[in-house]
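The values are calculated or read from the model by the stated rules, or taken from the named source; none is laboratory data. Model, not experiment: these values are computed from the prediction. For neighbour counting, all protein chains shown are included, and Cβ atoms are generated from backbone atoms with ideal geometry for every residue, glycine included.
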Amino acid sequence: MKSRGNEMKSMLKKFISRLHGIRLFLVTSGIGLAIAVSACTTTSPVVKNVSGAQLWAMKCQTCHNAPPPNQFSPQQWDVIIAHMKTYANLTQPEQDKIVAFLKQR
Amino acid sequence: MKNGYTLLAGILLLLMGVCLAPVSRSMAQSSSSSDNTFSPGVTKDLLVGDFDFGASVTGKGNMQYDAPAVSLINLYRMNKFFFQAAIGGEFADSGNPSIGVKFMNINYLLGNGWELRAGQFDAMPFGRFPRTFDPSWIWPLEATPKGMYALGLTDGDFGVMLQGAQYLGNSVIRSFFYVTNGPTISDNGLIDAPTISDNNKFKMYGVRFSISPYALSNLEIGVNAAYTKGAGATGSAYERVPVTMWAFDFNYAPTVESLNGFVRLRGQLNLVNVGHANWANTGYFKDNSSTYFAMLAYQPSMSENSFVRKLMFSTMLSHIQVPKGANWGRPSDTQYDLGLTYWFNWRTNLKFNYSLTQHEGNAFFIHVGVQI
């Protein structure tokens, strides 16, 4: 009986130690996913009151010199904003406002 | 096999640009008011890239013209689908040209800030550099941070990814979740780039979370983590050697009116922890390595002098820490950089960069970087 109990304890320990390596990852990503999903707010009162020009100057300048609106055509800006989404991971309002400003030229 | 894949990718990229560019130009005459409905024939294609060339002088006084490097990026959008692919060309040490795929992925814009992606992603999981900042028309120095390309994953990986950006009050949370084939590992304990065919059954799971505490600021603090249960090839002694990677990054680019310009403050710390193994030639050693950099740049963009406001002053400290007992052909090293960049316009720069390393001496670079 005792040895069976010890055997089960040992199996449990082995199982937990196998999880150890990915446990931190799961916990971290789970918390993060929960925050991201529960945030689930597609806009912010602060961003609502900001113009596309201001967002363009602020967000584009984060990584590189911001190209002026007349540098590309409206159709090209539609492509570029999708490219920037993958790199800068822009929010939906950021994308919409910035590209609307750039397409005005 | 790898060369054939690369060649095929390059041909596909070229064909897309050649075939779709005329269509895009003719379609540019008409405007599409909405991207929410599929309209046959309304496609958008763009070919961009970057080019770098210059000269360097080493501490011994030897001057050389450095090998040029070019990247070509094809961007193609059809409503919510977005395809991007980049090939890079440079000359290897042998003098022979080297062409490779830097990234290639298909993306679907889910809306509300979410995006689903699949294909080859560049430089996961190590934060912002080299994924975002490396192009020569973006990075103000010619030198890259020490060690940033030394830990094997900067060639990108193949898999699927979900990314999104949402608001949490007045803050922005940006997140990435991905599953990829994962790195390989050499028999000396150094992780290496993924191969075309996955070397084992274990995948790499990665996340990135960043927070911009205030939505109207460009301050962003990120944490990246990735884990694989095994990096070695199937059947090898290292098949089940786990690898955990962390990266922490910091990016802030405020306009400072008292300085009459803006400042760019960037930093990143990469940590790689490889599990226990007896490596060839060295046996066991604690296989934990790291790299970090901190870069500060200042441009007096509001100066009244038209020449001065195009100047950018930058400095960088970077370091790679190699584990004790490792036989990787390189020691731990620290690099110091000073740079002066003249921006002809938003996409073209002339860089003067003095770089000093503890073990590799010093060098002076004069380079031109262009976004094409």
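For B:SER71, which of the numbered conditions (1) within 24 Å of B:THR348 (Cβ to Cβ); (2) of a type in the set (Ser, Thr, Tyr); (3) free of Cβ contacts under 8 Å to residues at least 12 places away in the same chain fails to hold?
Answer for B:SER71: the failing condition is (3).
Filter segment B:212-240 down to the residues that are part of a loop (DSSP other than H, G, I, E, B) and of a type in the set (A, V, I, L, M, F, W, C), then identify the one that is farthest from the chain's Cα centre (by Cα).
Initially, segment B:212-240 is screened for residues part of a loop (DSSP other than H, G, I, E, B), giving B:213-219, B:229-240.
Those still in the list that are of a type in the set (A, V, I, L, M, F, W, C) too: B:215-216, B:219, B:231, B:233, B:237.
On the way: B:ALA215: 24, B:LEU216: 25, B:LEU219: 19, B:ALA231: 22, B:ALA233: 26, B:ALA237: 31 Å.
Going through the qualifying residues, I end up with B:ALA237.
Would a scan of segment A:80-103 turn up a residue that is surrounded by fewer than 20 Cβ atoms within 10 Å (Cβ to Cβ), part of a helix (DSSP H, G or I) and among the small types (Gly, Ala, Ser)?
There is at least one residue in segment A:80-103 that is surrounded by fewer than 20 Cβ atoms within 10 Å (Cβ to Cβ), part of a helix (DSSP H, G or I) and among the small types (Gly, Ala, Ser).
With modelled with pLDDT under 90, among the aromatic types (Phe, Trp, Tyr) and not in a loop (DSSP other than H, G, I, E, B) as the only criterion, which of B:PHE129, B:PHE103 stands out? Reasoning before the result, please.
Numbers: B:PHE129 fails: not in a loop (DSSP other than H, G, I, E, B).
Going through B:PHE129, B:PHE103 in turn, just one is modelled with pLDDT under 90, among the aromatic types (Phe, Trp, Tyr) and not in a loop (DSSP other than H, G, I, E, B): B:PHE103.
Can you list the strands (runs of 3 or more DSSP E) found entirely within segment B:257-352 that contain at least 2 residues being surrounded by 15 or more Cβ atoms within 10 Å (Cβ to Cβ), of a type outside the set (Gly, Ala, Ser) and touching a Ser or Thr at 6+ places or on another chain (Cβ under 6 Å)?
Where strands (runs of 3 or more DSSP E) fall fully within segment B:257-352 and carry at least 2 residues being surrounded by 15 or more Cβ atoms within 10 Å (Cβ to Cβ), of a type outside the set (Gly, Ala, Ser) and touching a Ser or Thr at 6+ places or on another chain (Cβ under 6 Å), they are B:261-274, B:311-321, B:333-345.
Going by the conditions given, is B:SER175 among the polar types (S, T, N, Q), within 30 Å of B:TYR298 (Cβ to Cβ) and buried (at least 21 other Cβ atoms within 10 Å of the Cβ)? Walk me through how you get there before you give the answer.
Working: among the polar types (S, T, N, Q): yes; within 30 Å of B:TYR298 (Cβ to Cβ): no; buried (at least 21 other Cβ atoms within 10 Å of the Cβ): yes.
Against the criterion (among the polar types (S, T, N, Q), within 30 Å of B:TYR298 (Cβ to Cβ) and buried (at least 21 other Cβ atoms within 10 Å of the Cβ)), B:SER175 does not qualify.
Condition check: within 12 Å of chain A (Cβ to nearest Cβ) and closer than 21 Å to B:LEU151 by Cα. Does B:ASN218 satisfy that?
Numbers: within 12 Å of chain A (Cβ to nearest Cβ): yes; closer than 21 Å to B:LEU151 by Cα: no.
Spelling it out, it is not the case that B:ASN218 is within 12 Å of chain A (Cβ to nearest Cβ) and closer than 21 Å to B:LEU151 by Cα.
Give me the pairs, please: first residue somewhere in segment A:71-87 and under 15 Å from B:GLY164 (Cβ atoms) and facing chain B (nearest Cβ under 7 Å), second residue anywhere and surrounded by fewer than 21 Cβ atoms within 10 Å (Cβ to Cβ) and modelled with pLDDT under 90, beta-carbon distance under 9 Å, and either six or more positions apart or on two chains.
Final answer for the pair search is A:TYR87/B:ARG131; A:TYR87/B:THR132.
State which residue is farthest from the chain's Cα centre (by Cα) when the search covers only segment B:147-181 and only residues that are modelled with pLDDT under 90, over 18 Å from A:TYR87 (Cβ atoms) and not aromatic (Phe, Trp, Tyr).
Step by step, filter segment B:147-181, then rank; the result is B:GLY169.
Any residue at all in segment B:182-203 that's within 8 Å of another protein chain (Cβ to nearest Cβ) and either in contact (Cβ under 8 Å) with a residue 24 or more places away in the chain or not β-branched (Val, Ile, Thr) (or both)?
Pass one, segment B:182-203, residues within 8 Å of another protein chain (Cβ to nearest Cβ): none.
Checking segment B:182-203: not a single residue is within 8 Å of another protein chain (Cβ to nearest Cβ) and either in contact (Cβ under 8 Å) with a residue 24 or more places away in the chain or not β-branched (Val, Ile, Thr) (or both).
In the list B:MET104, B:MET161, which residue meets the criterion of being in contact with a strand residue (DSSP E or B) (Cβ under 7 Å, 6 or more places away or on another chain), within 11 Å of another protein chain (Cβ to nearest Cβ) and more than 29 Å from B:MET316 (Cβ to Cβ)?
Details: B:MET104 fails: within 11 Å of another protein chain (Cβ to nearest Cβ).
It is B:MET161.
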